[in-house]
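Structure incoming, see below.
The values are calculated or read from the model by the stated rules, or taken from the named source; none is laboratory data. In this text, all values refer to a predicted model and were calculated from it rather than measured experimentally. Here Cβ is always computed from backbone atoms with ideal geometry, including for glycine, and neighbour counts include all displayed protein chains. Heavy atoms of the whole protein, side chains included, go into the accessibility calculation; ligands, DNA and RNA do not. Shrake-Rupley method; radii C 1.70, N 1.55, O 1.52, S 1.80 Å.
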Amino acid sequence: MSNLHLAMLGVFVIISPFLMFGVWVFVAYRYLDRIESILSNSRMVAVNREIYSHAGLLGKVMRLGSISAMLSMKYFSVRKGLLDSNDVSKAPVDLQRLLVRLWTVQILLIALIVLFFVWIEYLR
């Protein structure tokens, strides 16, 4: 692999978190009020709304990220009392899938960045 290919791959890896953050901002701006109104009986959603409500747009992204994390571990969150099982069953499936997919892509992106820099530093 030439240095040009490596540089292009590096630029993509470095820019991708900013693009992902833009997606998080868009989804938070568009869907956060809807998902929080559906999950209004859930303890963690209420606590996060109280904590991050004064943080502006970044607070909305934080609240959406925590909801996404809880929905990706739905049964664990319900068992521990973080989410209400009735609220989760009322939530639209397409919205749940969107949030879980965003969380999964975010985790995979972080792993990709770590692997890229490990590869550059130690394996190349």
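How about the stretch 70-80: which of its residues are assigned to a helix (DSSP H, G or I), farther than 14 Å from Leu39 by Cα and hydrophobic (A, V, I, L, M, F, W, C)?
Passing the criteria: only Phe76.
Step by step: first the residues of the stretch 92-110, then only those that are more than 14 Å from Phe21 (Cβ to Cβ) and hydrophobic (A, V, I, L, M, F, W, C), then the one that is surrounded by the most Cβ atoms within 10 Å (Cβ to Cβ). Which residue is that?
Applying the filter and picking the extreme gives Leu99.
Another one. Checking the conditions here, which among Leu58, Leu64, Leu83 is assigned to a helix (DSSP H, G or I) and surrounded by 15 or more Cβ atoms within 10 Å (Cβ to Cβ)?
Leu64
Test of understanding: among Arg34, Arg30, Arg49, Arg63, which residue is over 13 Å from Leu99 (Cα atoms), at pLDDT 90 or above and of a type in the set (Lys, Arg)?
None of the other options fit; the residue is Arg49.
Kindly provide the set of residues from the stretch 69-88 that are closer than 15 Å to Arg43 by Cα and polar (S, T, N, Q), ordered by number.
Selection gives Ser77, Ser85, Asn86.
Check Arg43, Arg49 and return the single one that is open to solvent by 50 Å² or more (accessible area, probe 1.4 Å), more than 12 Å from the chain's Cα centre (by Cα) and free of Cβ contacts under 8 Å to residues at least 24 places away in the same chain.
Just a single option satisfies the conditions, and that option is Arg49.
Among all residue pairs at least 6 apart or on different chains, which show Cβ distances below 7 Å where the first residue, located in the stretch 20-31, is without any contact (Cβ under 8 Å) to a residue 40 or more places away in the chain and the second is surrounded by fewer than 13 Cβ atoms within 10 Å (Cβ to Cβ)?
Listed by first residue and then by second, the contacts come to Val25/Leu57.
Every residue in the stretch 67-80 that is surrounded by fewer than 18 Cβ atoms within 10 Å (Cβ to Cβ), more than 19 Å from Met20 (Cβ to Cβ) and not hydrophobic (A, V, I, L, M, F, W, C), please.
Of everything in the stretch 67-80, those that are surrounded by fewer than 18 Cβ atoms within 10 Å (Cβ to Cβ), more than 19 Å from Met20 (Cβ to Cβ) and not hydrophobic (A, V, I, L, M, F, W, C) turn out to be Lys74, Tyr75, Arg79, Lys80.
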